Amino acid sequence: MNSLKNIRSKYRYSTILLRQLVITDFKLRYKGSTLGYVWSLLRPLALFAVLYVVFVHFLRFGQGIQHYEVSLLLGIVLWNYFTEVTSNGLSAIVGRGDLMRKLSFPRYIIIVAGSASALINLAINLIVVSIFMVINGVQLSWSVLLIIPLILELFVFAIGVAFLLGALFVRFRDINYIWEVILQAGFYATPILYPLSMVVAFSTTAAQLIMLNPVAQIVQDVRAAVINPDTPTLLSLYGTWYVYLIPLTIVVMVAVIGAIYFRKRSPGFAEEI
Amino acid sequence: MKDIQNAVEVSSVYKNFVLPHERTDSIKSLFISPFKKRMKAETQHALKDISFSVKKGEFFGIVGRNGSGKSTLLKMIAGIYQPSSGTIDVEGRLVPFIELGVGFNPELTGRENVFLNGALMGFSRKEIFDKYDAIVDFAEIKTFMDQKLKNYSSGMQVRLAFSVATILAESDVLIIDEVLAVGDASFQKKCFAYFRQLKKAKKTVIFVSHDMNAVLEYCDRAILIEGGDKIIDGSTAEVAAAYNRMFNDPDAKKSNLAKVKKRWGTEEVTIKSIDEKPTLIKAVDEKLRIGLTIQAKKVFKGKVIAGFKIKDSDNKPLIGTNTHIKKIDIDLIDGAAAHITWDIPVIFNDGFYSIDIVLESENYNSTFDFWTDAIKFEVQRKEQSSYEINPVITTKLEHVTK
């Protein structure tokens with residue numbers, strides 16, 4: 001009876017805090033800037049414009065691929081989401097050191113709040129993508145619904161990484177530089193601005209290897225489900241569903257290890273920061 | 001929780017901090033010397049075997065010098081630090097006021113900060129919304145609520161933080177750190193009014209301070225922490241006495257501090273005898289006289305201050321004075337003795353009282369003889385009063401006829 005009450009009150013505190021932190025995060029994000037929230041749309045659009053001009057217009061990437069521009073935008077939006085959750089998660093615990101030292105609250109809330117506000121951002125960006133899709137004349141099918149489990153997979157992977165990095169950063173302050181480099185490399189190792197078919201033409205093995213990265217698998221699957229069914233995916237490259245076990249195992253492993261490590265370290269955050 | 005009467009139970013809690021001489025902040029050191037023992041660590045024992053319990057509705061004090069470990073203990077009760085061993089049980093919701101305005105963000109408006117700060121203390125938007133007007137009224141900054149916090153004066157920020165804390169604090173257990181009691185005089189007054197209100201409302205409060213006067217006034221019970229050890233757990237008067245002894249006698253062993261010595265001091269001058277003392281007072285015109293003989297040691301030469309303090313049955317000091325205040329010099333040389341008398345008006349209500357007598361050096365630097373409860377007496381008067389003191393008040397009435 002008593003423990004039930006405790007669990008409920010604990011859960012209550014977490015939801016109150018989660019909600020308020022997400023609201024605050026949104027209020028603070030573009031505070032003071034004239035365009036405000038519009039920036040959360042303009043930033044990926046600006047990046048898209050640059051990449052489009054350089055890679056699609058001049059370097060002629062994605063020639064002959066249907067709706068390649070929308071695919072590029074969608075890829076950027078998904079990658080940005082992953083970057084946002086992991087980089088924010090990395091600095092979240094150390095950044096909130098003052099709170100940690102003065103209040104006792106479930107520490108995971110900070111990471112969850114960060115990824116939740118990034119998720120809202122992603123939703124806004126996906127609306128923009130869908131407007132582009134309409135303009136571009138993309139034919140929709142029921143396979144669009146596949147986006148839900150795929151985004152969920154990306155969410156779990158990103159939050160798992162965020163837990164791991166956030167907890168590690170408390171001890172090892174070099175992690176943020178390392179993670180910056182990894183993200184930079186990851187951006188080019190993931191078929192975002194170049195079509196995977198280019199890699200396939202060069203070496204099928206390389207393409208198969210690239211696709212084992214969960215983010216690459218998710219990006220390509222989302223593109224296939226939403227924009228262009230001809231997009232090469234993990235399935236089309238390997239020809240068997242079993243291969244999905246590899247990225248899925250990576251996602252689950254990272255999430256579990258991240259959660260366990262975070263849980264183990266979180267009671268000491270207040271002292272270590 | 002062993003006893004359901006308790007709000008907080010702390011049982012044999014230890015806290016060690018491992019202080020590395022060189023921190024492994026960078027991965028470089030991992031790469032350079034992965035197999036070498038990376039650092040020499042020093043373990044600091046911040047708290048050793050602390051046990052106590054706080055009853056529901058109790059105003060409980062934790063007293064200690066700076067660096068004694070009291071703040072560490074507080075942070076462990078608040079759940080911010082984890083004990084190295086031992087357990088801490090807290091029944092119900094606990095709100096720590098370790099610092100005012102936790103999470104306040106200068107870029108948010110006063111209003112937004114109220115909701116953020118409230119959420120950090122565990123209050124839902126609805127709960128805060130219901131009390132929002134009360135918070136604003138208490139802080140007296142209604143017109144500023146939609147301005148950014150960075151445009152507030154520091155005084156306004158403190159007022160806002162304090163009113164959020166006080167208006168919302170409907171928790172089962174409150175932890176108040178001494179930082180609350182800093183600020184200007186009017187703010188302190190507000191703080192103390194708030195403490196009295198908490199005490200009246202029978203809230204469970206854990207109050208951490210080194211201000212013995214505040215502890216004596218508000219706390220029902222207290223513990224004294226020194227060097228990570230619990231020295232004493234008892235009435236505020238006992239704790240206050242031990243705390244004062246700690247400062248008067250820096251060489252005193254911890255174990256000696258714990259003993260509630262009724263009488264202590266350097267004994268250069270001592271109270272030789274109490275010649276006259278009250279035992280039972282039945283009427284206002286009765287004599288309440290304290291008469292005592294003091295004697296100095298042969299080697300002693302100098303001035304002595306003799307004083308007394310009359311306390312009620314709750315150990316609360318009511319009146320007192322000393323020869324320094326009364327501008328009477330007592331010079332003693334060559335083992336001389338002196339006789340001092342004080343005549344005190346009977347202003348006391350019915351009840352039991354005790355008197356402390358103290359002999360001190362000229363500058364209050366050292367205590368020669370401190371006799372706790374040297375005299376005990378009872379008052380039984382016909383004239384009752386519900387006030388703390390009950391002096392003779394002459395009341396006159398004259399009917400004016402036209």
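Would you point out which residue out of B:A134, B:A165, B:A139, B:A119 is touching a residue at least 12 places away in the same chain (Cβ under 8 Å), farther than 22 Å from B:F60 by Cβ and surrounded by 20 or more Cβ atoms within 10 Å (Cβ to Cβ)? Let's see the steps before the verdict.
Working: B:A134 fails: surrounded by 20 or more Cβ atoms within 10 Å (Cβ to Cβ); B:A165 fails: farther than 22 Å from B:F60 by Cβ; B:A119 fails: touching a residue at least 12 places away in the same chain (Cβ under 8 Å).
Exactly one of B:A134, B:A165, B:A139, B:A119 is touching a residue at least 12 places away in the same chain (Cβ under 8 Å), farther than 22 Å from B:F60 by Cβ and surrounded by 20 or more Cβ atoms within 10 Å (Cβ to Cβ), namely B:A139.
Just checking, does the stretch B:325-339 include any residue being modelled with pLDDT of 90 or more and surrounded by 18 or more Cβ atoms within 10 Å (Cβ to Cβ)?
Checked against the condition, which is being modelled with pLDDT of 90 or more and surrounded by 18 or more Cβ atoms within 10 Å (Cβ to Cβ), the stretch B:325-339 yields no hits at all.
For the subset of the stretch B:177-192 comprising residues that are in a helix (DSSP H, G or I), modelled with pLDDT of 70 or more and of a type in the set (D, E, K, R), which member is surrounded by the most Cβ atoms within 10 Å (Cβ to Cβ)?
Initial filter on the stretch B:177-192 (in a helix (DSSP H, G or I)): B:178-181, B:185-192.
With modelled with pLDDT of 70 or more added as a condition, the list becomes B:185-186, B:188-192.
Then keep just the ones that are of a type in the set (D, E, K, R); that gives B:189-190.
Numbers: B:K189: 11, B:K190: 17.
Looking at the filtered set, the residue picked out is B:K190.
Taking helices (runs of 4 or more DSSP H) that do not extend beyond the stretch A:159-273, which have at least 1 residues that are at pLDDT 95 or above?
Values: elements: A:175-189, A:196-202, A:204-210, A:214-226, A:234-238, A:245-265, A:269-272.
So the answer is A:175-189, A:214-226, A:245-265.
Sort out which residues of the stretch B:142-162 are of a type in the set (S, T, Y) and either in contact (Cβ under 8 Å) with a residue 24 or more places away in the chain or crowded, with 17+ Cβ neighbours inside 10 Å (or both), and write them in order of number.
Selection gives B:Y152 alone.
Sort through A:P232, A:P195, A:P247 and tell me the only one that's surrounded by 15 or more Cβ atoms within 10 Å (Cβ to Cβ) and out of contact with any Leu (no Cβ under 8 Å at 6 or more places or on another chain). Steps first, answer last, please.
Working: A:P232 fails: out of contact with any Leu (no Cβ under 8 Å at 6 or more places or on another chain); A:P247 fails: out of contact with any Leu (no Cβ under 8 Å at 6 or more places or on another chain).
None of the other options fit; the residue is A:P195.
Hey, does the stretch A:83-96 have a residue that's surrounded by fewer than 19 Cβ atoms within 10 Å (Cβ to Cβ), within 14 Å of chain B (Cβ to nearest Cβ), within 25 Å of A:R173 (Cβ to Cβ) and touching a Leu at 6+ places or on another chain (Cβ under 8 Å)?
no
Against the definition (in a helix (DSSP H, G or I) and closer than 28 Å to A:Y37 by Cβ), how does A:V138 come out, yes or no?
Details: in a helix (DSSP H, G or I): no; closer than 28 Å to A:Y37 by Cβ: yes.
So A:V138 does not fit the description; no.
I'm told B:P106 meets every condition in (1) touching a Lys or Arg at 6+ places or on another chain (Cβ under 6 Å); (2) facing chain A (nearest Cβ under 9 Å); (3) surrounded by fewer than 20 Cβ atoms within 10 Å (Cβ to Cβ) except one. Can you identify the failing condition by its number?
Of (1) touching a Lys or Arg at 6+ places or on another chain (Cβ under 6 Å); (2) facing chain A (nearest Cβ under 9 Å); (3) surrounded by fewer than 20 Cβ atoms within 10 Å (Cβ to Cβ), only one is false for B:P106: (2).
Which is among the small types (G, A, S), closer than 30 Å to B:A283 by Cβ and out of contact with any strand residue (DSSP E or B) (no Cβ under 9 Å at 6 or more places or on another chain), of B:S386, B:S354? Don't jump to the end; show me each part of the working.
On the way: B:S354 fails: out of contact with any strand residue (DSSP E or B) (no Cβ under 9 Å at 6 or more places or on another chain).
Matching residue, one of B:S386, B:S354: B:S386.
Confirm whether B:K131 is more than 11 Å from chain A (Cβ to nearest Cβ), in a strand (DSSP E or B) and not β-branched (V, I, T).
Numbers: more than 11 Å from chain A (Cβ to nearest Cβ): yes; in a strand (DSSP E or B): no; not β-branched (V, I, T): yes.
Against the criterion (more than 11 Å from chain A (Cβ to nearest Cβ), in a strand (DSSP E or B) and not β-branched (V, I, T)), B:K131 does not qualify.
Restrict the check to the stretch B:75-98 and report whether at least one residue is away from every other protein chain (no Cβ under 14 Å), free of Cβ contacts under 8 Å to residues at least 12 places away in the same chain and closer than 30 Å to B:A222 by Cβ.
No, there is no match, as no residue in the stretch B:75-98 is away from every other protein chain (no Cβ under 14 Å), free of Cβ contacts under 8 Å to residues at least 12 places away in the same chain and closer than 30 Å to B:A222 by Cβ.
Determine which member of the set B:D172, B:D146 is within 14 Å of chain A (Cβ to nearest Cβ), of a type in the set (D, E, K, R) and in contact with a strand residue (DSSP E or B) (Cβ under 6 Å, 6 or more places away or on another chain). It would help to see each step written out before you state the result.
Values: B:D172 fails: in contact with a strand residue (DSSP E or B) (Cβ under 6 Å, 6 or more places away or on another chain).
On inspection, the qualifying residue turns out to be B:D146.
For the stretch A:9-25, give me each residue that is surrounded by fewer than 16 Cβ atoms within 10 Å (Cβ to Cβ) and either over 21 Å from A:S104 (Cβ atoms) or at the interface with chain B (Cβ under 7 Å from one of its Cβ atoms) (or both).
A:S9
Being surrounded by 20 or more Cβ atoms within 10 Å (Cβ to Cβ), in contact with an Asp or Glu (Cβ under 6 Å, 6 or more places away or on another chain) and on the phi < 0 side of the Ramachandran plot: is that true of A:A118 here?
Working: surrounded by 20 or more Cβ atoms within 10 Å (Cβ to Cβ): yes; in contact with an Asp or Glu (Cβ under 6 Å, 6 or more places away or on another chain): yes; on the phi < 0 side of the Ramachandran plot: yes.
Yes: the conditions hold for A:A118.
Exactly one of these conditions fails for A:A113: (1) more than 14 Å from chain B (Cβ to nearest Cβ); (2) among the aliphatic types (A, V, I, L, M); (3) touching a residue at least 60 places away in the same chain (Cβ under 8 Å). Give me its number.
With (1) more than 14 Å from chain B (Cβ to nearest Cβ); (2) among the aliphatic types (A, V, I, L, M); (3) touching a residue at least 60 places away in the same chain (Cβ under 8 Å) applied to A:A113, the lone miss is (1).
Filter the stretch A:154-169 down to the residues that are over 16 Å from A:N80 (Cβ atoms) and surrounded by 21 or more Cβ atoms within 10 Å (Cβ to Cβ), then identify the one that is farthest from the other protein chains (Cβ to nearest Cβ). It would help to see each step written out before you state the result.
Looking only at the stretch A:154-169, we keep the residues that are over 16 Å from A:N80 (Cβ atoms), and these are A:156, A:160, A:163-169.
From what is left, the residues that are surrounded by 21 or more Cβ atoms within 10 Å (Cβ to Cβ) are A:160, A:163-169.
Details: A:G160: 21, A:F163: 19, A:L164: 15, A:L165: 13, A:G166: 16, A:A167: 15, A:L168: 10, A:F169: 11 Å.
Of everything passing the filter in the stretch A:154-169, A:G160 is farthest from the other protein chains (Cβ to nearest Cβ).
Considering the stretch B:84-117 alone, what residues qualify as being in a loop (DSSP other than H, G, I, E, B) and within 21 Å of B:F207 (Cβ to Cβ)?
B:E91, B:G92, B:R93, B:I98, B:E99, B:L100, B:G101, B:V102
How do the pairs read when you match residues in the stretch B:355-371 that are over 29 Å from B:D314 (Cβ atoms) with residues anywhere that are part of a strand (DSSP E or B), using Cβ under 6 Å and keeping only pairs 6 or more apart or on different chains?
Sorted first by the residue in the stretch B:355-371, then by its partner, the pairs are B:E362/B:K303.
The values are calculated or read from the model by the stated rules, or taken from the named source; none is laboratory data. The shown structure was predicted, so the numbers you read here are calculated from the model rather than taken from an experiment. We place every Cβ from the backbone using ideal geometry, glycine too, and count neighbours over all the protein chains shown.
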